[in-house]
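Visitor: Take this structure first; my questions come after.
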Amino acid sequence: MKRLILSTLPILAAAPALAHPGHVGQAPFVAGVVHPLLGADHLLAMIAVGLWAAHLGGAALPGLPAAFVAAMVAGFTVALGGGVLPLVEPMILASVLVLGLMLALALRLPTGASAALVALFGLFHGFAHGQEMGEGGAAAFGAGFALSTALLHAAGAGLGLVLGQWFPQARGQALLRALGAVTLTGGVVIAMA
């Protein structure tokens, strides 16, 4: 475990990529909707939140996405207010890696701990959205990316529920773990880019 932690430190210390800054020429709401779809880091993390929520089931199914979106809006507000949040890009990358690992190992944390973890990641994603927003229309941009994020969570949760219903328990778990491995691999690729 110590070796794993030490090997991830250089990845977490990587410089920010800011893969998708402001969207010139788009209406703020449309720019907000499109923004999470243009960054692989955001896309992978948001779908993974939904997958993990479906894996945990029960109160986690609505709770994890709600915690992520609420914290994301808070992070967005902090960025708009000129606040400072250290390690934004490394934490976004960590969200992809950690959520991918959680899924790949099919880990089950209590709902409260899971919600706190995704909320922490949501805070950093929201802050990045605030930093990368184009000119004007903050409320419309925020509403757009909150909607897009909720839909990505729903897509991940829907996929997770389908896997659980259409496949026998062991096979569904294997597919969920495979999606976690894909997410984790995506995070590693992003880190090395």
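Quick note: the coordinates plus some simple rules give every number you see, no bench work behind them. Small disclaimer: the values here were computed from a predicted structure and weren't measured. Counting neighbours? That spans all protein chains shown, and the Cβs are built from the backbone with ideal geometry, glycine included.
Visitor: Give me the one-decimal nm value for the distance between modelled label points at Ala170 and Ala59, 7 Å along each residue's Cα-to-Cβ direction.
Guide: 3.3
Visitor: Still on this structure, please answer the following. Starting from the 7 Å offset along Cα-to-Cβ, what nm value, one decimal, do you get for the label separation of Met192 and Leu87?
Guide: 2.4
Visitor: Taking every pair of alpha-carbon atoms in the range 84-193, what share in percent sits in each 5 Å bin, from 0 to the bin with the longest distance?
Guide: Computed distribution, short to long bins: 2, 11, 16, 21, 21, 14, 9, 4, 2, 0.
Visitor: Tell me, Val84, Val118 in order of fewest to most beta-carbon neighbours within 10 Å?
Guide: In order of increasing Cβ crowding within 10 Å: Val84, Val118.
Visitor: How far, in nm, would the chain grow between Val162 and Leu38 when pulled straight, counting 0.36 nm per residue and subtracting the alpha carbon separation?
Guide: 42.1 nm
Visitor: Which helices, counted as full DSSP H runs in the chain, have an axial Cα extent of no less than 20 Å and a Kyte-Doolittle average of -1.0 or above?
Guide: 40-56, 60-80, 88-104, 111-132, 138-166, 169-192
Visitor: Above 27 Å lies some portion of the pair distances; for the chain, what is it as a whole percent of all C-alpha pairs?
Guide: More than 27 Å apart: 26 percent of the Cα pairs in the chain.
Visitor: With springs only between Cα atoms under 10 Å, which of Leu44, Leu97, Leu117 fluctuates most in a Gaussian network model of the chain?
Guide: In this elastic network of the chain, the residue with the biggest mean-square fluctuation among Leu44, Leu97, Leu117 is Leu117.
Visitor: What list do you get for Met91, Met133 if you sort them by fewest beta carbons within 10 Å?
Guide: Fewest to most other Cβ atoms nearby, the residues stand as Met91, Met133.
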